[in-house]
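Trainee: Below is one structure. I have some questions about it.
The values are calculated or read from the model by the stated rules, or taken from the named source; none is laboratory data. All values derive from a computational prediction rather than experimental measurement. Every residue, glycine among them, receives a Cβ derived from its backbone with ideal geometry; neighbour counts consider all protein chains shown. Areas reflect the complete protein model, heavy atoms only, side chains present, ligands, DNA and RNA absent. Shrake-Rupley method; radii C 1.70, N 1.55, O 1.52, S 1.80 Å.
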Amino acid sequence: MQELFEKMKEYLNMDTEISFDEFDDYYKKVVAFLNDNWTSLNEDDTMHMLFVLDNLKSNGEDRAKRKVKEAKKYAKMSQRTEIWANALISRLREAGLNDEEIGKRYEAIYEAV
């Protein structure tokens, strides 16, 4: 999980955009990790994964709007990351966090990056 989070931080601090192949590879690693581990993540790891998913989603949405051959693939990735993000938010709510607490913790992670 930490490796995926660190990679996202690296991507966010880059001056150039990664290729579709690299984006797709990273997306697949995130989804594979979630498929295997999402129910065992603690609250902090869930918040960090939510950060990763939110950034994947927004970047996928942005790229889907462009006139590129991979636009539909970006749109699908964005939709799937939103589903995962909603699942993680539901887990955080079940753990007793309200939307305000989730938002504050998310902002703290974002500001630290």
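Trainee: Testing the spin-label approximation: label points 7 Å from Cα along Cα→Cβ at S40 and Q79. State their distance in nm.
Mentor: 3.1
Trainee: Relative to the longest principal axis of the C-alpha atoms of the chain, give the angle of the C-alpha long axis of helix 43-64, reported between 0 and 90° and rounded to the nearest 10°.
Mentor: Around 30 degrees separate the two axes.
Trainee: Solvent-accessible area per residue for the chain at a 1.4 Å probe radius, Å²?
Mentor: Solvent-accessible surface per residue comes out at 62 Å².
Trainee: Let me ask something else about it. As an exercise, use a Förster radius of 22 Å and the Cβ-Cβ distance of D24 and A87 to find the FRET efficiency, rounded to the nearest 0.05. Display every interim value, and only then the final one.
Mentor: Working: r = 21 Å, r/R0 = 0.96.
The computed FRET efficiency comes out at 0.55.
Trainee: When the convex hull of the Cα atoms of the stretch 60-113 is projected onto a plane and the area is averaged over all directions, what value comes out in nm²?
Mentor: 4.6
Trainee: If packing is taken as the average number of other Cβ atoms within 10 Å across a peptide's residues, how do 19-31, 90-102 rank, most packed first?
Mentor: Highest-to-lowest ranking by the protection proxy: 19-31, 90-102.
Trainee: Of the accessible area of the chain, with the probe set at 1.4 angstrom, what percent is carbon plus sulfur?
Mentor: So the carbon and sulfur contribution to the accessible surface is 46 percent.
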